[in-house]
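One structure below.
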Amino acid sequence: MQEEYEKSLKESIKHLQIADHMAYVTYPLVNDKRLLLKIFEEVYKSIMNSIDSMVFIEYPMKSINDVNEVFIQRFLKEFGKNYGLISERISKIFEIVEMNKRHRQSAMEFVRKDKIVIMSDSLKILTLNINKVKEYLLLAKELIIGINEKIREKTKYNGFSK
């Protein structure tokens, strides 16, 4: 039977592959700026599934659905170093979570030159361009690599070999 963390990690990898393909193959072909939001959403899903996998590794009886943002912050600060996450990467993860939250609650989103502008009800703006999306994509890849190393270490420690 597949472990819960493995299911979450596979889901994370699936979303990462979709985002990667869209960013490096589809986007340059169609050059539609609205595609940036879809790529961003896939990166967000990948990162959240990765965090869910980390939670299952550290707390086998919990799921990310059972926790809130405060728990995620505390969890990443406490266990992030075990997965190769430095404080800069952790703050980028929080930036992605916050941007997704604002994207979901946004009053208006529009294309401006080479970027997407996300405007909140209070008229605060966030921008998203292909370089920022690729930076987030790289972060998601590094997170998955860190989780894979932790799993390898865990299975090796427990006497299993995968």
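Observations, loosely collected:
- Residue, farthest from Pro28 (Cα to Cα), within segment 84-114, restricted to residues that are surrounded by 14 or more Cβ atoms within 10 Å (Cβ to Cβ) and β-branched (Val, Ile, Thr): Ile90
- Residues that are under 20 Å from Ala19 (Cα atoms) and either among the aliphatic types (A, V, I, L, M) or at pLDDT below 90 (or both), drawn from segment 102-113: Val111
- The set of residues in segment 86-106 being in contact (Cβ under 8 Å) with a residue 12 or more places away in the chain and under 13 Å from the mean Cα position of the chain (by Cα) consists of Arg89, Ile90, Lys92, Ile93, Phe94, Ile96, Val97, Met99, Asn100.
- Subset tally (residues that are farther than 22 Å from Gly146 by Cβ and touching a residue at least 40 places away in the same chain (Cβ under 8 Å)) for segment 10-23: 0
The values are calculated or read from the model by the stated rules, or taken from the named source; none is laboratory data. Note that the structure is a prediction, hence the values are computed from the model and not measured. Quick reminder, even Gly has a Cβ in these numbers, built from the backbone with ideal geometry, and neighbours come from all protein chains shown.
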